[in-house]
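Working notes for the structure below.
Nothing in this text is a laboratory measurement; each read-out follows from the coordinates by a stated rule. Computed from a prediction, not measured in an experiment: that's the story for all the values here. Please note: Cβ atoms are built from the backbone with ideal geometry, for glycine as well, and neighbour counts cover all protein chains shown.
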Amino acid sequence: MKKPYILINSALTLDGKISTKKRKKIKISSKEDFIRVKKLRKRFDGILVGIGTVLADDPKLNVENTLRIVLDSRGRIPLDSNLLEDELPVLVAITEKAPLSRVKRIEEKAEVIKFKGSKVDLKNLLKKLREKGIKKLLVEGGGTVNWSFLKNRYADEVCVYISNLIFGGKDAPTFVDGEGVKEKQDAIELKLKNVEKLGEGLLLFWELPHPKGL
């Protein structure tokens, strides 16, 4: 499959949480990691987030010459969100579940790609992004988006900043959610490439082996 090179980047607590049980915007990264991520984004042609991240954090992701991509099957992106309020390019991937009137409003502010069914066809989307010239894609998703990229082996690398915080809570979102695997032999196995101490946390780089055909 012809797709962009994909890096999943995330910051999480020592117990694997990406937010508290309130699921609000919260700073987990250290000052040093924020600087790293700002530089990292400039190296990519596209930055992808899920609608959950947009609704919780309202990110700007305002990097010149970089396409912002939102996975938004039902067209829920707020029309006054930061992503739709500047002049930088945005692509919103939706499905037939999004109301037509809503789609038309979004099209006034962003490029829209519509997919059949109730879920965005990630494989097809990645193919379209590659055809649009996106060679390197940074994924800054929540647990559901991260799971989609990992279970399908679409990601090439994973970079996580492990902070010195512990949130706890069974309802707090984790780095990877989704349906998960039932048996250990079905687990997604990664290869550790590098570990760095950054501030009071650790920065881990992992490589994801691909099955044949990807």
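Here are some notes:
- For ASP58, net neighbour charge (Lys/Arg +1, Asp/Glu -1) across residues whose Cβ lies under 12 Å away: 0
- Calculated [222 nm] ellipticity per residue, helices only, for the chain: -6000 deg cm²/dmol; basis is -39500 (n - 2.57) per DSSP H run with n ≥ 4, divided by all residues, nearest 500.
- When the alpha carbon gyration tensor of region 76-178 is reduced to an equivalent ellipsoid, the three semi-axes, largest first, read 26, 18, 15 Å.
- Residues whose amide H comes within less than 5 Å of that of VAL112, counting only those at least five positions distant or on another chain, are VAL92 (H built at 1.01 Å from N in the peptide plane).
- The alpha carbon centroids of region 189-204 and region 14-87 are separated by 21 Å.
- With the highest mean first, a sort of the peptides 91-98, 203-210, 66-73 on other beta-carbon atoms found within 10 angstrom per residue produces 66-73, 91-98, 203-210.
- Gain on full extension, evaluated as 0.36 nm per residue between LYS38 and LYS127 minus their Cα-Cα distance, stands at 29.4 nm.
- Set of aspartates and glutamates near LYS25 by C-alpha distance (under 17 Å), chain-local residues within fewer than 8 positions excluded: ASP33, ASP57, ASP58, GLU140, ASP171
- Cα-Cα over 29 Å, subset of LYS114/LYS193; LYS116/LYS136; LYS27/LYS116; LYS3/LYS42; LYS2/LYS197: LYS114/LYS193; LYS27/LYS116; LYS2/LYS197
- Other residues within the sphere of radius under 11 Å centred on the Cβ of LEU198, judged by their own Cβ, net out at -1 (K and R +1, D and E -1).
- In degrees, nearest ten, helix 31-41 long axis to first principal axis of the chain (Cα): 40
- Placing unit charges on the Cβ atoms only, positive for Lys and Arg and negative for Asp and Glu, gives the chain a dipole magnitude near 360 debye about its Cα centre.
- C-alpha long axis of helix 122-131 to longest principal axis of the chain, angle in °: 70
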